[in-house]
1. For the stretch 280-419, report the accessible area per residue in Å² (1.4 Å probe, heavy atoms, rounded to an integer).
2. Near the amide H of residue 233, under 5 Å away, which other amide H atoms are found, from residues 5 or more places off or on another chain, if H is placed in the peptide plane?
3. Between residue 517 and residue 106, take the C-beta separation as r, use R0 = 45 Å, and let me know the FRET efficiency to the nearest 0.05.
4. Using 0.36 nm per residue, how much length does the chain from residue 148 to residue 409 gain when fully extended, once their Cα-Cα distance is taken away?
5. Which value, in debye to the nearest 20, gives the size of the charge dipole of the stretch 289-340 about its Cα centre, when Lys and Arg are +1 and Asp and Glu are -1 at the Cβ?
6. Please identify every one of the GluC sites (Glu not before Pro) in the stretch 83-153 that sits in a loop by DSSP and has no more than 11 other beta carbons within 10 Å of its own beta carbon.
7. How about the stretch 73-111: which trypsin sites (Lys or Arg not before Pro) there are in a DSSP loop, with at most 12 other Cβ atoms within 10 Å of their Cβ?
8. Taking θ as phi - 60°, what are the ³J(HN,Hα) couplings along the stretch 214-225 by the Karplus curve (6.51, -1.76, 1.60), each to the nearest whole Hz, with x for Gly and Pro?
Amino acid sequence: MARYYDVIVVGSGIAGLSFALKVAEAGRKVGIITKKNSAESNTNYAQGGIAAVTSQTDDVEMHVADTLDAGDGLCDEAAVREILRDGPASIEELVQRGVDFSQLGDGRVSLGKEGGHSKRRILHVRDVTGKAIEEALLHAIEKSETIETLEHFFAMDLITPLKVPGCDADELGSNRVLGLFALNTQEDRVETFGAGAVLLATGGIGQIYQYTTNPYIATGDGIAMAHRAGVEVQNMEFVQFHPTAFYTKDSDRFLISEAVRGEGAILRNMKGEAFMGRYDARKDLALRDIVARAIDSEMKLSGARHVWLDTRGIELEVLQDRFPNIYAYCQSRGISPDTEMIPVVPAAHYLCGGVKTNLNSETSLPGLYACGEVACTGLHGANRLASNSLLEAVVMANRGAKAVVRYLDSVHSREVDLPVWKDGDFRDSDERVVLLHNWDEVKRTMWDYVGIVRTKKRLERARTRIQTLEREINEYYWNFKVDESLLELRNMILVAATVIDCALQRQESRGLHYILDYPEKSADFGNSCAKRAFLK
Ligand code: FAD
Ligand code: SIN
């Protein structure tokens with residue numbers, strides 16, 4: 001028996017929760033499906049803050065100009081203008097929901113600075129902005145009577161008429177979303193969910209890389225689900241590497257916020273030289289792609305495993321009050337940021353591409369919406385301006401919620417008998433080892449061959465490896481009883497394939513995509529589109 005909701009929201013980060021609240025406030029029944037506990041999301045780890053124009057000395061047009069500059073010619077200017085214009089109102093709503101942004105001693109809001117911003121415009125809650133937002137939104141969700149949250153449910157695949165036996169698109173008026181399959185990971189069974197509309201708010205893809213700032217949930221599930229359903233996915237080559245993650249010998253990569261450089265921290269190489277002036281006039285506050293490439297180049301020149309972030313010029317009081325979380329982490333790793341430099345390296349951080357949407361968060365499949373990091377609205381173009389993602393998520397959730405309510409009012413909804421999942425029943429513990437091996441191989445392949453500086457040869461090598469893994473995983477998928485790690489690996493492989501596919505299409509260097517074979521920017525390339533038939 002399927003469970004039915006007006007709208008199913010997949011994901012409980014800022015995008016999913018904001019959308020769910022708005023749809024419920026419009027009187028609709030919402031089911032939130034989330035694969036871990038509700039708070040576990042990229043949102044929960046966001047540090048620097050949320051960018052929006054709130055000061056008298058700032059102006060939305062300046063925010064627009066900075067965003068366009070970062071996007072390197074690939075932003076949709078109309079989208080940039082609309083999303084940023086909605087920013088201040090969305091901030092006000094977050095405040096109404098209880099987000100207590102940090103203030104200066106005189107009661108004015110404290111505004112941080114990050115790379116590429118011409119003004120101080122980042123609202124923050126010390127260095128735990130994401131946690132504060134997540135808590136406020138979850139608190140509001142708890143109070144709602146029309147939202148049901150299902151934790152430990154893993155959304156697997158969308159159901160469309162094409163997947164319902166004996167039912168075709170024409171019979172229902174058009175091809176559209178009817179629901180989805182989700183694995184109840186605590187009871188180990190797949191359940192069917194029916195819905196008038198579905199929102200994908202599944203976040204990013206950082207886990208396809210060996211080193212990432214992202215938590216374990218970031219395996220690109222929503223992008224893979226959309227891609228398998230034939231929905232347009234674009235600009236996947238634009239993976240943003242954050243310049244400064246704390247270097248450890250293991251694969252942990254705790255973020256050291258760009259806001260620390262905003263307060264005066266300086267990058268230094270192994271000789272102690274402040275090197276950023278050689279790469280960009282904005283020095284340590286240059287755009288992220290420039291800083292990450294500069295660090296990569298310094299590390300290659302010296303053979304060192306990291307560079308240093310020198311925080312010794314920042315007052316201890318500022319370090320402790322503004323960055324308590326970062327300060328505590330460094331201390332736990334034996335570094336006192338007031339007297340010692342922090343070892344830092346770039347790590348995969350954010351995906352600028354994703355499921356293509358318009359300004360109503362509508363995808364190319366009727367009834368399917370996407371917002372937050374999973375979506376590609378045209379705001380970021382080839383490189384995201386720092387702290388624009390939390391803003392985009394909340395603005396687009398609000399716009400999408402209005403659109404979905406209109407859609408539900410207009411659509412001719414007919415109850416359809418949805419299919420029941422048929423599981424393979426084969427389990428072989430030896431084969432689990434192979435899965436684990438393949439998991440590592442995806443991450444290593446992407447890190448080594450599809451990283452900050454790319455070449456055609458390395459991308460082609462990555463494609464060959466990922467194609468082999470894709471064949472293997474597809475065989476597993478249809479024969480084995482599914483579990484979370486199998487589902488995640490399948491998604492990661494597909495998402496890796498789309499990144500490589502888009503990277504190979506783009507025979508130019510632009511924004512985050514830097515390829516030695518084509519070092520110049522070319523007018524011949526617009527948005528890339530992830531093709532469906534990767535496996536040949
Ligand atoms: P997420 O917050 O990642 O939420 C995704 C949700 O989907 C999670 O609940 C997850 O469990 C769920 N999910 C995923 N797959 C499935 C599935 N198959 N089934 C069910 N549920 C699923 N941006 C800024 O603007 N400012 C910052 O200061 C900032 N700092 C950052 C610091 C760090 C360390 C990181 C990692 C990112 C940071 N970012 C920042 C980026 C920003 O946090 C994210 O882009 C944003 O939070 C994404 O929100 P989201 O709602 O789209 O996705
Ligand atoms: C940071 O705090 O440096 C992360 C900000 C972001 O990713 O936008």
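The values are calculated or read from the model by the stated rules, or taken from the named source; none is laboratory data. Quick caveat, the model's predicted, so the values are computed rather than measured. Note: ideal-geometry Cβ built from the backbone for every residue, glycine included; neighbour counts use all protein chains shown. For accessibility, only protein heavy atoms count, side chains too; no ligands or nucleic acids. Shrake-Rupley method; radii C 1.70, N 1.55, O 1.52, S 1.80 Å.
1. Details: 5050 Å² over 140 residues.
Ligands and nucleic acids excluded, the figure is 36 Å² per residue.
2. Counting only residues 5 or more places away or on other chains, the set is 356, 530.
3. So the FRET efficiency works out to roughly 0.25.
4. Length difference between fully extended and current span is 91.8 nm.
5. With Lys and Arg at +1 and Asp and Glu at -1, about 280 debye.
6. 145
7. Here the sparse-neighbourhood loop sites are 108.
8. Going residue by residue, I get 7, x, 5, 5, 7, 10, x, 4, x, 5, 5, 4 Hz, with x marking Gly and Pro.
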